[in-house]
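Okay, structure first, notes after.
Please treat every number below as a calculation from the coordinates, not as lab data. Please read all numbers here as calculations on a predicted model, not as lab measurements. Backbone-built Cβ (ideal geometry, glycine too); neighbour counts: all protein chains shown.
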Amino acid sequence: MPPTFTDLLVRARSLPRDGHRAILGITGSPGAGKSTLAEHLVRTLNGAGEPWVAHVPMDGFHLADRELDRLGRRARKGAPDTFDAAGYAALLRRLREESGQGSGETVYAPGFERVLEQPLAGAVPVPPSARLVVTEGNYLLLGTGAWARVRPQLDEVWFCELDEAERVRRLVARHEEFGKDHQEAVAWVLGTDQRNADLVAADRDRADLVVPASALPGPPAPAPGDPPA
């Protein structure tokens with residue numbers, strides 16, 4: 001029987017053991033719902049009490065556009081070699097070394113500003129009290145280059161699976177939201193994004209759990225008074 005969102009909460013809650021911090025990885029193709037699932041997990045697990053779960057997206061390790069221009073890779077932004085994979089793996093290793101029992105130091109991770117489409121240093125604090133870190137990104141299961149250092153730092157990796165037509169629709173809408181016109185968004189999704197999606201999907205069977213669409217939270221409901229989508 002496929003897992004429900006409640007099942008995912010129970011499984012995530014059980015990961016920290018013996019006073020040691022655990023790291024849960026959430027992966028899947030672009031637009032599959034990784035960030036939405038991670039945000040819902042973190043918000044629900046933390047509840048109204050003292051936060052004990054932190055969210056560290058992989059996107060903070062995008063190379064800046066200036067560096068992508070220097071390397072001649074900007075037209076492929078989002079591909080594996082347009083990230084600082086070694087830096088991401090090193091951060092995960094540092095997070096694992098912290099106890100999660102309230103001792104140690106706050107670790108600062110980079111964030112990603114989607115409007116600017118640029119990484120932001122020191123934007124994501126992970127306090128010593130965080131016993132579970134949820135990290136999400138496309139290439140957590142990739143076994144080549146510096147990406148191969150990522151999987152050993154993760155207690156579990158979950159793969160988000162979404163109907164392909166819906167995944168593409170959501171991804172086009174996201175690109176339009178952040179500035180691309182419709183034709184440009186479709187071309188990017190069916191070109192650069194699709195090549196990356198195929199690469200990610202090839203590692204699906206290496207995940208500890210496949211999360212079906214039925215367990216994925218839907219898009220946030222519109223606020224009262226908002227026009228219908």
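One table, with the values for the structure above:
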read-out	value
Restricting region 111-152 to residues that are out of contact with any Gly (no Cβ under 9 Å at 6 or more places or on another chain) and among the aliphatic types (A, V, I, L, M), the residue that is nearest to residue 175 (Cα to Cα)	116
Neighbours by Cβ (under 7 Å, 6+ apart or cross-chain): first from region 172-194, part of a helix (DSSP H, G or I); second surrounded by fewer than 13 Cβ atoms within 10 Å (Cβ to Cβ)	176/182
Among the residues listed as 158, 147, the single one being among the aromatic types (Phe, Trp, Tyr), assigned to a strand (DSSP E or B) and touching a residue at least 60 places away in the same chain (Cβ under 8 Å)	158
Subset of region 77-121 [of a type in the set (A, V, I, L, M), without any contact (Cβ under 8 Å) to a residue 60 or more places away in the chain and crowded, with 17+ Cβ neighbours inside 10 Å]	91, 107, 109
One residue from 68, 24, 9 being without any contact (Cβ under 8 Å) to a residue 40 or more places away in the chain and within 18 Å of residue 147 (Cβ to Cβ)	68
Unmet criterion (only one of (1) over 21 Å from residue 149 (Cβ atoms); (2) buried (at least 16 other Cβ atoms within 10 Å of the Cβ)) for residue 74	(2)
Criterion violated by residue 131 - all others in (1) touching a helix residue (DSSP H, G or I) at 6+ places or on another chain (Cβ under 7 Å); (2) surrounded by 19 or more Cβ atoms within 10 Å (Cβ to Cβ) satisfied	(1)
Verdict on residue 168 being under 16 Å from residue 211 (Cα atoms) and crowded, with 18+ Cβ neighbours inside 10 Å	no
Scope region 195-210; condition closer than 23 Å to residue 116 by Cβ and without any contact (Cβ under 8 Å) to a residue 60 or more places away in the chain; matching residues	none
Hits in region 32-46 - residues which are closer than 24 Å to residue 165 by Cβ, touching a strand residue (DSSP E or B) at 6+ places or on another chain (Cβ under 7 Å) and not in a loop (DSSP other than H, G, I, E, B)	34, 35, 37, 38, 39
Residues of region 26-56 classified as in contact with a Phe, Trp or Tyr (Cβ under 7 Å, 6 or more places away or on another chain) and buried (at least 21 other Cβ atoms within 10 Å of the Cβ), total	3
Test: residue in region 12-31 that is part of a helix (DSSP H, G or I) and touching a strand residue (DSSP E or B) at 6+ places or on another chain (Cβ under 9 Å)	yes
